[in-house]
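The values are calculated or read from the model by the stated rules, or taken from the named source; none is laboratory data. In this text, all values refer to a predicted model and were calculated from it rather than measured experimentally. With ideal geometry, Cβ positions are generated from the backbone for all residues, glycine too; neighbour counts draw on all protein chains shown.
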Amino acid sequence: MQLFRQKTTIKSFDHAADFVAEYQIGPSDFILASRRTFEKYFAPLGLTAHVEFKSKYGAGEPTDLMMDALIQDFRSSGCSRIIAIGGGAVIDMAKVLVLKDAERTEDIFLRKVPIVKAHELIAVPTTCGAGSEVSSVSITALTERGSKLGLADDAIFPDAAVLIPELLTEMPYEVFATSAIDALIHAVESYVSPKANRYTELFSEEAARLIISGFRRVLSEGEETRLALLGDFLMASDMAGVAFANAGTGAVHAMSYPLSGKYHVTHGEANYQFFTAVFREYHRQNPTGKLVRMEALMADILGCETDVVYDELEKLLDNIISRKKLHEYGMTEEETVSFAADVIELQQRLLNQSYVKFDQDTMTKIYRELL
């Protein structure tokens, strides 16, 4: 039985110029980037690579139509190597470019075509949440279905993850907060996954400790303190990515996808809505085993008793950034049922990795409680 793997090489640089020099970025490279970060840190370096900005394809989280247009641009470029510089959306979009004869994103995600790797991918994260730079998962919204779907396959592992903390200085506070909470969710969900083991738990635990201790400093010393901690948050996000690349995420992610797909809520923010509600339900249904160990771990990090661990976690996170009620996004009572049905239909991969595999009625109840 396989316990652990790390297929992506992880490197760190102090400055963008050091990365460009080591990887000898040139005309055969296709760069997909966030415009603001690229123009500040990479444009002054006079790169000769083919560059496209994520904003050309659309705002917000990736859709199959955005990816389809990107695929056509990559094929027309004649480039052989892909470099993704951005948040999880940029890296997830770039992952489909590595595939041989990639053409229609919906066919790829529904596995109607062979998933075969043909190109090298270097991923450079500019947020501290997605962990996509070390995972074999890409997420997109299927526009005709109105929901998100994940593709998990070894073929889309990035070949290298490059960590450059200075690139994160462009993140607005809200993006920092929701992305770091997303990384915390990756750490905690992967910790209680049925696929977790001692190896993955090491990464989950250290990621959770770094993020929560960082949040506490931000609350006590002010929002600008985060700028001195970006290296820690970036490392924590990467560690959480390693953990979930091996052990997977679960019901929090599964339940967030219809919300993101229908109302275009960003990935980290959508996950945040369901985090503690899902874990309280885990505890109600099966307060034993890995969940008890996770609750003891979180209580130790938070400095509280285990019986109030979710209360204290909510208090901490809500002081970092407040959550909305689901109806504030536009969600309706009828959608508490249809969203749960959507999860049952499309998110079995994630439900099977959950600490407790929820049925449709349980998820409907959680949606209603958060409405």
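Among the listed residues A183, A187, identify the single one that is farther than 24 Å from I82 by Cβ and at pLDDT 95 or above. Reasoning before the result, please.
Details: A183 fails: farther than 24 Å from I82 by Cβ.
Selected residue: A187, the only one of A183, A187 that is farther than 24 Å from I82 by Cβ and at pLDDT 95 or above.
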Check I320 against each of (1) within 23 Å of the chain's Cα centre (by Cα); (2) aliphatic (A, V, I, L, M); (3) closer than 18 Å to G146 by Cα and name the one condition it does not meet. (3)
Can you spot a residue in the stretch 225-244 that is within 14 Å of the chain's Cα centre (by Cα) and modelled with pLDDT under 95? yes
Any idea how many residues of the stretch 221-261 are out of contact with any Pro (no Cβ under 7 Å at 6 or more places or on another chain), closer than 26 Å to L163 by Cα, crowded, with 24+ Cβ neighbours inside 10 Å and of a type in the set (A, V, I, L, M)? 7
Kindly indicate which of D107, D92 is touching a helix residue (DSSP H, G or I) at 6+ places or on another chain (Cβ under 7 Å), within 15 Å of M66 (Cα to Cα) and of a type in the set (D, E). D92
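Show me the helices (runs of 4 or more DSSP H) found entirely inside the stretch 282-371 where at least 2 residues are small (G, A, S) and surrounded by 14 or more Cβ atoms within 10 Å (Cβ to Cβ).
Details: elements: 289-302, 309-320, 333-346, 348-351, 360-370.
Filter on the stretch 282-371 gives 333-346.
Being out of contact with any Asp or Glu (no Cβ under 8 Å at 6 or more places or on another chain), farther than 21 Å from L350 by Cα and either assigned to a helix (DSSP H, G or I) or at pLDDT 95 or above (or both) is the requirement here; does V218 meet it? Let's see the steps before the verdict.
On the way: out of contact with any Asp or Glu (no Cβ under 8 Å at 6 or more places or on another chain): yes; farther than 21 Å from L350 by Cα: yes; either assigned to a helix (DSSP H, G or I) or at pLDDT 95 or above (or both): yes.
In short, yes.
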